[in-house]
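As structure tokens, the structure follows; a few thoughts come after it.
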Amino acid sequence: MSEKDFIPSSYITLKEEGIVGYTSPSNIALVKYWGKRENQIPANPSISFTLAACMTKTSVEYKKKIRKDDEFSFDLFFDDQPKEEFKPKIKTFLKRIEKYLPFLKEYHLVIKTSNTFPHSSGIASSASGMSALALCFMEMERTFSAPITDDFFNNKVSFISRLGSGSACRSIEGPLVQWGETSSVEGSSNLFGVKYPYKVHDIFNNFHDTILLVDKGEKQVSSTVGHELMHGHPFASQRFEQAHENLDKLRTILAEGNLNDFIGIVESEALTLHAMMMTSHPYFILMKPNTLSIINEIWKFRQTSNTHVCFTLDAGANVHVLYPENEKDIVFPFIKEKLISFCQNGQYICDRIGLGAKKL
Ligand code: DP6
């Protein structure tokens, strides 16, 4: 598929008014997207677990403008309060996607959105937020168009989400979504995420992700700036190559449910992401002392308990603690007893692998 396949040729009718709504989850990358080219094309392929509890709920009420003009017209509410400071980001998104959803300027839109996770938790809301909005816009398009297949709908939602935030394109479906062209995944694309097409062992059913909120402050480095740092990075090409290799290795690991090898890739990916930030110019350390303490506790516990608990990180200090359902009765008490004390105000979120967005 090419970008042109997402430009609609015509609509049957543009309804006068209506309302659409979706919930869309966040996701946690196992192989990380870090580095991009123009138009949100990833520098390397990535794969993520779709989450279930951390999500955004968005509705869009639309009404045809009385007099057509060349402006985007929308109101934005976050947690039922008008949110002027989010508007520029949404406007940029609307400008980027207008070519693919040309009805947008015909309407006045009232966008209402809220997250299930605390706003200032340091949990990235762009993946769930941008995908929820993209789903609403695509639902509008579906209402105006001749019937389209669910596959086309999902691909285009993911395509539109990607233009809002790269990782958002991996939030539409679940439990595992892969994004970025790579030889080991048939049908993989730089334009949108695809539901992982190969066998995934039952051990990954209901996999847990307990998110430890180590630092809830503003991100020290925005992901946009972070991705930029991979341009001219001395280790960029080796890193991009490594992501392809890790995806290739994951194919057997996921099929066989080999948790030891899974851990080897997931933890190395997290540390490599941070290593890239430590070795760029300018350089950053996004882990906090408590992040390291948590990692060390996990390693110690894993050795002595014979469990398969492991960690991954986003571009920040919070830690995602991953473990299989059949070990939760041993691992969760350990988390409560040994790890929660490293969290800011003792805060954490119990999440697990999920199946993607839902229409309201
Ligand atoms: C470290 O998707 O937030 O979470 O495309 O600029 O919006 P933009 O970046 P974003 O980057 C996410 C980076 C990451 C790894 C990942 O989710 O793959």
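The values are calculated or read from the model by the stated rules, or taken from the named source; none is laboratory data. As the structure is a computational prediction, the values presented were derived from the model and not from experiment. We place every Cβ from the backbone using ideal geometry, glycine too, and count neighbours over all the protein chains shown. Remember, those area values only see protein heavy atoms, side chains included, never the ligands or the DNA or RNA. Shrake-Rupley method; radii C 1.70, N 1.55, O 1.52, S 1.80 Å.
Provide, as a two-decimal number, the C-alpha radius of gyration of the chain over 2.2 N^0.38 Å, N being how many residues it has.
Details: Rg = 20.4 Å, N = 360, 2.2 N^0.38 = 20.6 Å.
Taking N as the residue count of the chain, the ratio is 0.99.
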For the ranges 138-145, 308-315, what's the packing order if you count other beta-carbon atoms within 10 Å of each residue, average per peptide, and put the highest first?
308-315, 138-145
The lysines whose Cα lies under 24 Å from the Cα of Lys64, excluding any fewer than 8 residues away in the same chain, are Lys15, Lys83, Lys87, Lys89, Lys91, Lys95, Lys99, Lys105, Lys112, Lys156, Lys359
Quick check: at a probe of 1.4 Å, how many percent of the accessible area of the chain sits on carbon and sulfur atoms?
50 percent
Would you please put 340-348, 26-34, 43-51 in order of how densely packed they are, using the mean number of other Cβ atoms within 10 angstrom per residue and starting with the highest?
26-34, 43-51, 340-348
Using θ = phi - 60° and Karplus 6.51 cos²θ - 1.76 cosθ + 1.60, couplings along region 244-249 (whole Hz; Gly, Pro as x):
4, 5, 5, 5, 4, 5
Any idea what the relative contact order of region 152-208 is, in percent, if you count C-alpha pairs under 8 Å spaced at least 6 apart?
29 percent
Determine ³J(HN,Hα), in whole Hz, for all residues of region 315-320 in sequence, where each value follows from phi through the Karplus function 6.51 cos²θ - 1.76 cosθ + 1.60 and θ = phi - 60°; x replaces Gly and Pro.
7, x, 8, 5, 10, 9
Multiply the residue separation of Glu218 and Asp5 by 0.36 nm, subtract the distance between their alpha-carbon atoms, and state the gained length in nm to one decimal.
72.9 nm
Whole-Hz Karplus ³J(HN,Hα) for region 52-62, in order, using 6.51 cos²θ - 1.76 cosθ + 1.60 and θ = phi - 60°, x for Gly and Pro?
10, 8, 7, 8, 10, 10, 9, 10, 10, 9, 10
Amide H of Leu109: which non-local residues (sequence gap of 5 or more, or other chain) have their own amide H closer than 5 Å, using H built in the peptide plane?
Ser73, Phe74, Asp75
Give the cross-link partners of Lys336 among the aspartates and glutamates, using a straight C-alpha distance below 18 Å as the criterion and excluding same-chain residues fewer than 8 apart.
Asp209, Asp215, Glu297, Glu325, Glu327, Asp351
Lysine pairs meeting the criterion (Cα under 18 Å, 8 or more apart or interchain), as found in region 190-294
4
Quickly rank 233-245, 177-189 as a protection proxy: mean count of other C-beta atoms within 10 Å, highest first.
177-189, 233-245
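What accessible area per residue, rounded to a whole number of Å², is obtained for region 202-360 using a probe radius of 1.4 Å?
Working: 7710 Å² over 159 residues.
Accessible area per residue: 49 Å².
Using the heavy atoms of the protein chains alone and a 1.4 angstrom probe, what is the accessible area of region 15-199 per residue in square angstrom? Mind dumping the intermediate values first?
Details: 7360 Å² over 185 residues.
Each residue of region 15-199 exposes 40 Å² on average to a 1.4 Å probe.
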Note the full-extension length gain between His201 and Ser73 as 0.36 nm times their separation in residues minus their Cα-Cα distance, in nm to one decimal.
41.4 nm
